[in-house]
1. With +1 on the Cβ of every Lys and Arg and -1 on the Cβ of every Asp and Glu, and nothing else charged, how large is the dipole of the range 1-125 about its Cα centre, in debye rounded to the nearest 20?
2. Name the residues whose placed amide hydrogens come within less than 5 Å of the amide hydrogen of G86, ignoring near sequence neighbours (fewer than 5 apart) on the same chain.
3. Order 71-82, 44-55 from most to least packed using the mean count of other Cβ atoms within 10 Å.
4. How much FRET efficiency would the formula 1/(1 + (r/R0)^6) give for Q17 and S59, where r is the Cβ-Cβ distance and R0 is 30 Å, rounded to 0.05?
5. Can you pull the percent of the range 24-110's accessible area that's carbon plus sulfur, 1.4 Å probe, other chains left in place?
Amino acid sequence: MQTHSPLKAELIKLHAQSRYKEARKAALKLAILDESGAGEAVYAYMLQHGQGGNTDHPSAREWYRRAAVRGHVSAMLKYAAMLSLGQGGRMDLTDARIWFNKAAKQGSTLGRNMCECLSLNRQRGSQSIAAARESNKSATIRNDVAAAYHFALMELKKLPSSVNAKALLT
C-alpha cells in the first residue's frame, strides 16, 4: 500500500486554514489514491457538511460507504448514522445495525451503543422507554456525547405522539 503523506499534510494544512474549497479538492484526490479509507472519509465529511462547496448528502453517504468497506471505523459509524436517519437516501435500520455492529467489533463503544439503541427501537411500550432512558443516562455518564445525541435523535423519531419526549432525555 502506498502512503500519501505529503497529500495528507497538505489537506490538513488547507483545512486548518479554512481553505475548504482547496481542501475538498485535495480530499477527493486523496480519496481516489489512498487505500485506507481515510481520504474517502474526509471527503465524505466535507460533502456532508458543505465544506468547500454545496452539501451533498447522497454523495457523502456513498463515500462513507466506500471508506467503511475498506475498514475505516469512523466511516462505518457515520455511514450507519446516515442509514439510520435516512440522510442522503432511504432509511435502512437493518443495514445501519450491520455497520454499527461492524464498528463495535472493531472496538467502537459508539457502535456498540448504537446497536443497543436500534434493538431498543424494535420494542414498544413503557419498558422500552424505561430501557431507552437508562441507556441514554449510561452514555451520558460515560461522556459518550455522540452516542447520547444519536440515541436521542433516533428515539425521538420513534416515539408515539402520546409520549412526552422530554421524559426520555431526563
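The values are calculated or read from the model by the stated rules, or taken from the named source; none is laboratory data. Because the structure is a prediction, the values reported are computed rather than measured. Cβ atoms come from the backbone with ideal geometry, glycine included; neighbour counts cover every protein chain shown. The accessibility values were calculated without ligands, DNA or RNA, using every heavy atom of the protein model including side chains. Shrake-Rupley method; radii C 1.70, N 1.55, O 1.52, S 1.80 Å.
1. 160 debye
2. D92
3. Details: 71-82: 24.1, 44-55: 18.5.
Sorting 71-82, 44-55 by mean packing, highest first, produces 71-82, 44-55.
4. Once rounded, the FRET efficiency stands at 0.80.
5. Here carbon and sulfur together make up 49 percent of the probe-accessible area.
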